[in-house]
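Below is one structure; the comments refer to it alone.
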Amino acid sequence: MMSHMKLGVFGSAFDPPTLGHLDVLRQAATCHDHILLIPSAFHAFDKKPLPFNLRLQMLQCFIDDADAGCPLEVCDLEAELLKQNPGKPVYTYDLMEALTSKYKDKADISFIRGPDNARPETWTRFYKSKEIEEKWPIFTATERLPIRSSDVRKILESSKIADDLQQGLNMLLPSVQAFIMNNNLYQTGNI
């Protein structure tokens, strides 16, 4: 009998996807056959990211350039779930339920979380965090590369000189850098 694929689920705003995200994926690849990257469509913690389609395109650039150690795939399931309940956050629990139903005979699903979401003060804010822990295995990455999307955004938004801009771009894969520059994202300063 063939064993089920080990499918990891990694959700984030991916605003933008950074080398920190890549490090989490490289750690998770050691115990997954395939990883779905799922950008949030409507964030539960009131974040106001770039429009979903831009982040989806940026994430596709990211996986085209990323060497994570296992196949990566962009999944837009949160957008589908949002259409079913417009204006309401898509919770991790509901996403995992939908994926479990979709892959029930094909994969064993686990949730991948970065070190930022693993902090108790953050994790306990997740809707049904205890139920998530009880229902699905959780892979928690350690902090080896402290790069946050919020840091990248701050640097790019306030860059008035090329050196600052380059510092922000050094936290990204080249394909994501190019996408940001070509679409003039996050940059409000005069360079």
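Computed from the coordinates by the stated procedures, all read-outs in this text should not be read as laboratory data. What you see is a predicted model, and the numbers here were worked out from it, not measured in a lab. Every residue, glycine among them, receives a Cβ derived from its backbone with ideal geometry; neighbour counts consider all protein chains shown.
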Longest principal axis of the chain (C-alpha) makes with the long axis of helix 92-102 (C-alpha) an angle, in degrees to the nearest 10, of 60 degrees
Once Ser101 and Ala118 are pulled to full extension, the length gained, defined as 0.36 nm per residue separation minus their Cα-Cα distance, is 3.6 nm
Expected sort for 125-136, 8-19 on mean C-beta neighbours within 10 Å, highest first, is 8-19, 125-136
A chain fully extended from Asn183 to Gln84 at 0.36 nm per residue, minus the present Cα-Cα distance, gains in nm 32.6 nm
In the stretch 7-67, the trypsin sites (Lys or Arg not before Pro) that sit in a DSSP loop and have at most 16 other Cβ atoms within 10 Å of their own Cβ are Lys47
Taking a crude spin-label model, label points 7 Å out from Cα along the C-beta direction, the Asn170 to Asp108 distance in nm is 4.2 nm
Here, Arg125 and Thr142, labelled 7 Å along Cα→Cβ, have an inter-label distance in nm of 2.6 nm
Largest fluctuation, Met96, Met181, Met58 only, Gaussian network model of the chain with Cα springs under 10 angstrom, belongs to Met181
With +1 at each Lys and Arg Cβ and -1 at each Asp and Glu Cβ, the charge dipole magnitude of the chain around its Cα centre, to the nearest 20 debye, comes out at 360 debye
